[in-house]
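The values are calculated or read from the model by the stated rules, or taken from the named source; none is laboratory data. No experiment lies behind these values; they were computed from the predicted model shown. Positions of Cβ are generated from backbone atoms using ideal geometry, with glycine treated the same way; all protein chains shown enter the neighbour counts. Side chains included, ligands, DNA and RNA excluded: accessible areas come from the protein's heavy atoms. Shrake-Rupley method; radii C 1.70, N 1.55, O 1.52, S 1.80 Å.
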Amino acid sequence: MENMAEDLRQKAMALEIYNQQLQMIQSEITSIRALKSEIMNSIKTIENIKADEETLIPVGPGVFLKAKIVDDKALIGVKSDIYVEKSFNEVIEDLKKSVEDLDKAEKEGMKKAEELAKAITALRKELQTEIQKAQQAQDKKQ
Amino acid sequence: MELPPQIQAQLMQLQQLQQQLQMILMQKQSVETELKECKKALEELEKSSSDEVYKLVGGLFVKRKKEDVKKELEEKVETLELRVKTLEKQEEKLQSRLKELQEKIQKMIPTAQ
């Protein structure tokens, strides 16, 4: 009986850990999707901007300044504090590569989440069956 | 059943060692991430055709010579690689101390019972 209770306790703990892991992966997937959407917006912006054209630069909620694009170059971060100048086309290529990498990470995350969800369902079923068995054994005793 | 004080003390030491190891592993992971970032940045600088790069200082971009930034990054890579090696050594030492202590405790438990 004691062994059974210990087994149940361990399975319940495993279920809790799996659930936490699933939540973490799901939150990572959400962050990846948000970043992807931000990058896609940047690509769209750069694709639609041309040198010497006038544009509006957002400086706050609903406030814009008129600005002119002086050349077809943008700064892109290569490290958190280092930026290099690249042509619009190069920047678009880099950004597309980032989207591809994020796509891969998203797929991997989704695969892991699916596997974990399956394991959670199986473990939950096992736990339910064992709890029922334990209850039946207790009822018989009484 | 209460454990004998001697075993309790050893178990506490084991826990402390485990915490130390956890901290070392976390530090190593963060240094390795920074190292990877620096190496990637160096690769990107090599690819760039421009002689100048921009460095974010506070909220401002400052124009810097690419060669100077490259040198800085190379030095940083060296320092970080050294730091990883030191952390690896500390990790190894802690792992072996942990193993020794675990064996010691395992040997103590049957005699205590």
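Scanning region A:11-23 for residues that are out of contact with any helix residue (DSSP H, G or I) (no Cβ under 7 Å at 6 or more places or on another chain) and surrounded by 12 or more Cβ atoms within 10 Å (Cβ to Cβ) gives a single hit, A:Gln23. Counting only residues that are assigned to a strand (DSSP E or B) and open to solvent by less than 70 Å² (accessible area, probe 1.4 Å), region B:61-71 holds 2 of them. Would you check if B:Ala112 is modelled with pLDDT under 95 and touching a Pro at 6+ places or on another chain (Cβ under 7 Å)? Judged against the criteria, B:Ala112 is a match.
Within region B:34-45, residues that are more than 7 Å from chain A (Cβ to nearest Cβ) have Cβ atoms under 9 Å from residues that are surrounded by 17 or more Cβ atoms within 10 Å (Cβ to Cβ) and of a type in the set (Phe, Trp, Tyr) in no pair, counting only partners at least 6 apart in sequence or on another chain. For region A:28-78, how many residues are touching a residue at least 24 places away in the same chain (Cβ under 8 Å) and among the β-branched types (Val, Ile, Thr)? Going through region A:28-78 one residue at a time, the tally reaches 6. Checked against the criterion of being in a helix (DSSP H, G or I), open to solvent by 70 Å² or more (accessible area, probe 1.4 Å) and more than 30 Å from A:Asp94 (Cβ to Cβ), the candidates B:Gln10, B:Gln18 yield just one match: B:Gln18.
Filter region B:46-60 for residues that are assigned to a strand (DSSP E or B) and facing chain A (nearest Cβ under 10 Å) and give the result. Within region B:46-60, B:Glu52, B:Val53, B:Tyr54, B:Lys55, B:Leu56, B:Val57 qualify. So B:Gly58 passes all but one of these: (1) under 17 Å from A:Ile82 (Cβ atoms); (2) crowded, with 16+ Cβ neighbours inside 10 Å. Which condition number does it fail? Looking at each condition in turn, B:Gly58 falls short on (2).
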